[in-house]
Amino acid sequence: FIHARSLVYRFKIASSQKGAVPSVESDVLPVVNRLHSARDKTDLAEWCANQYRDNSKEKLTCLEHSLAFALQASSEAEQRRARGVRNDKKLAEEEHEALDTVKRISENKSVLHDKLVIDRQLCVQDLGSPGQVSVVYQVMHDLKNRMQSKCNEERSPENLVQFLLSEASLLVAEASLNEKLACSVSHFRHLASAVHEGCKVLADQHSHVHAGHIARNLARRWLVHGDEKMSAAKSDKASSINEDIKRNKGDVSLSIVEDDTMEFVMDLNSLGEVLQDDVGSSSHFKAVDQITTSEESSSLKVNGSSREASEYACRRVALRIAFAMSFAEEFHSLEQGDVDKENANSSLNTRAVPKSSKTSKSSLLSQIATSKQTGQNKNVLEHTKELLRVVFAQSGGSSWVSSTKSLLGSSGEPSLSQEEETRNTITFAMRYRALRTVSILCPQEALDRVIREEGYLSNTSGRTGCTLKKCAFGSFVAKEIEEMGLPLPHSDLSQLSTMHFPSYARALWRHHISGDTPKGRLLLLLLEMTLKEDTVSDKALVVSTMDTMSNLDLPRSLIIGCEQIDAFRRRSVPTEFEALFHEINEVFSKAITNAARSVFGEIHEKCSSADPCVDVVPTLLAVQRVGTVVEHFVDVKGGEERLRQFIQVLMKILPNAKNEELCDGLAVIALSAISRLQDRKQLFLQLSRFQCGQKALQVRFPRLESVQEDDKEESKSLLFLAKRLDFSFMYRS
């Protein structure tokens, strides 16, 4: 025991002085082996293991030896009880205590071993290839930190796999949507491959862990409910993943109950010109015109409007689903009973296609997938088929999501209310998320092939000209309408995608513009539907929506609305846009001016406060978005004067911008705006008076720093610098 006390003292000294701890092989084991009792060896080895750094190999080695001693102590306790009196309580307690010790140490060793395996796998993948290290390293570093913080919470290997997929998908999705990080497709693929390979290694060591089933379960949850409530691992851990998978195998496939509108088609064209009088002149418009809403409290906040927040959530969850599905092995493996249900539901879900044709196409697809395609290509086709089945789901629904809702319910026998809840219709939000996911995950060739094989866009029920691009816009419109609680004219995606959107927009304006629907989100949707076609048939509605947004306190929606007008200009023929802009010139000028006033006003308020706290990236992004629209419309009536005013306001903000990064960014935006003007010498002169302006000019024109010696005195003049800059822009524009 003297050697044991000395070892404990050495550990305490090392901990207090932040020094090197004793070695397991040369210091700990010789002392432990000197003890006679296996129980004492177990206690000392376990105590020493807890002194090492978490997630270290030394701790794992020490736990392995401690477990061997614990097993020996448990065997000795069992033998003593067998030789002793049958009802001896003391011997029974000793045996029970020894078994608990074995269980505790074994669990700790197993958890630590799994984490070290995952950490080693992620470290190997950390290197990546040239050009990938920065983003890959940052995401991997954050993932490892989260793993370490959750070390004591994620005890089972299945929970660890679920935690990896959930947290890694969230980190990669947010990195992909972060413009500052610029996470590319190759980064996404590299990170997904690394995490899935780590999950595979862990699953190979535990026969009861199925990484593909866990990934499938997560993808189902996110597809049905989104990830707003499921982003945290604590929420994902609410129910055991293995219990979910087992219960899923025995579930009865849910039948999808379609709405009463299955055979109903609203003839929006029959409304004729009745609604024309409602646009811009009705009492509805007069009431809305006087409202000041607080829907969008800040013009600088990222995703500050309900439209932006919803779209960001959909993009993020689609990326997470794609991450979970991408490299998951056995993602589509099902029991035979599930295969039968899959085939039965597929027959109900597929559109009316001639029987002989569908059979031949399906068998051809199956034959190619099994004989000529690699395993990865087969997974691509399977992913495409299952996701598109959700997108174009009709009566009977999709078996891939049919058992999802029972996974999120309470365990045990489902109640009557739960059974009724499982018979809900597949929502358009689900279809929209599935369509975004399949566009990320699967190549266009696979999409075209599956659509052709399954006949999703075939000419049925009189619908002509329906394309996947139209379905993408139709699903977006349906998702927005559904989330705002407004009525849809049809429950079929193909019908919605081929309807006349301007007529539907007029109907929504007439009946719902004065309701409780979020005004910014509704007005943006009306504007987008009106500008959907290459020819604007309802210019009055464009004027009314833009004017209403200008009168309301909706800065974020105003910016998006102006960007939609700009996008229409770039894709339409000049004559069509000129006809539209002749009607909306005044209201557009008002809209972009109000948007710029809101952005600059908020920046000035934050910069002038006693404790200025400006989020630089969102602020610069908002200014840049406004500036881009103003620059693109410099050639229209009043456009050059509006651009000059925009630049002058930027010049006034620069002296008050205490944040250097913000000041540099605003100077770059001002320089870009100046370059669009013809007469710009005076503006160059003003910009060069600021240090950030000089820095921006030097970055844009590095040759201006090298001035000949005989021109040195003249070059000190700011006017001379302005002339040189103007000359340079003449040949660069």
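The values are calculated or read from the model by the stated rules, or taken from the named source; none is laboratory data. Since the structure is predicted, the reported quantities are computational estimates derived from the model, not experimental observations. Every residue, glycine as well, gets a Cβ built from its backbone with ideal geometry; the counts of neighbours run over all protein chains shown. Side chains included, ligands, DNA and RNA excluded: accessible areas come from the protein's heavy atoms. Shrake-Rupley method; radii C 1.70, N 1.55, O 1.52, S 1.80 Å.
Some observations on this one:
- Each of Lys41, Lys637, Lys12 has its accessible area taken with a 1.4 Å probe; listed largest first, they run Lys637, Lys12, Lys41.
- Using a Förster distance of 45 Å, the FRET efficiency for His604-Ser37 (Cβ separation, nearest 0.05): 0.05
- Over region 464-543, relative contact order from alpha-carbon pairs under 8 Å, at least 6 apart, %: 28 percent
- Most to least packed among 512-518, 179-185, 117-123 [average Cβ atoms within 10 Å]: 117-123, 512-518, 179-185
- Between Ala579 and Asn55, residue separation times 0.36 nm minus the direct Cα-Cα distance comes to 181.8 nm.
- In the assembled protein chains, Arg433 presents an accessible area of approximately 20 Å² (probe radius 1.4 Å).
- Each label point was placed 7 Å from the Cα along the Cα-to-Cβ direction; for Glu660 and Gln645 their separation is 3.5 nm.
- If you sort Glu533, Glu308 by accessible surface, 1.4 Å probe, largest first, the order is Glu533, Glu308.
- The Lys89 and Lys18 beta-carbon pair, evaluated with R₀ = 56 Å, returns a calculated FRET efficiency of approximately 0.75.
- The accessible surface of region 464-559, taken with every protein chain in place and a 1.4 Å probe, is 48 percent carbon and sulfur.
- Per residue, region 583-665 exposes 48 Å² of accessible surface when a 1.4 Å probe is rolled over the protein heavy atoms with every protein chain present.
- Förster radius 60 Å - calculated FRET efficiency between Glu76 and Ala309 (Cβ-Cβ, nearest 0.05): 0.40
- For the pair Phe701 and Leu181, label points projected 7 Å from Cα toward Cβ lie 3.9 nm apart.
- Excluding ligands, DNA and RNA, the accessible surface per residue across region 436-566 is 32 Å² with a 1.4 Å probe.
- Per-residue 3J(HN,Hα) values for region 105-119, derived from phi via the Karplus relation 6.51 cos²θ - 1.76 cosθ + 1.60 with θ = phi - 60°, read 5, 4, 5, 5, 5, 5, 5, 5, 4, 5, 5, 5, 4, 5, 5 Hz in sequence order (x marks Gly and Pro).
- Asp27 paired with Leu116, simple spin-label distance in nm, labels 7 Å along Cα-to-beta-carbon: 1.8 nm
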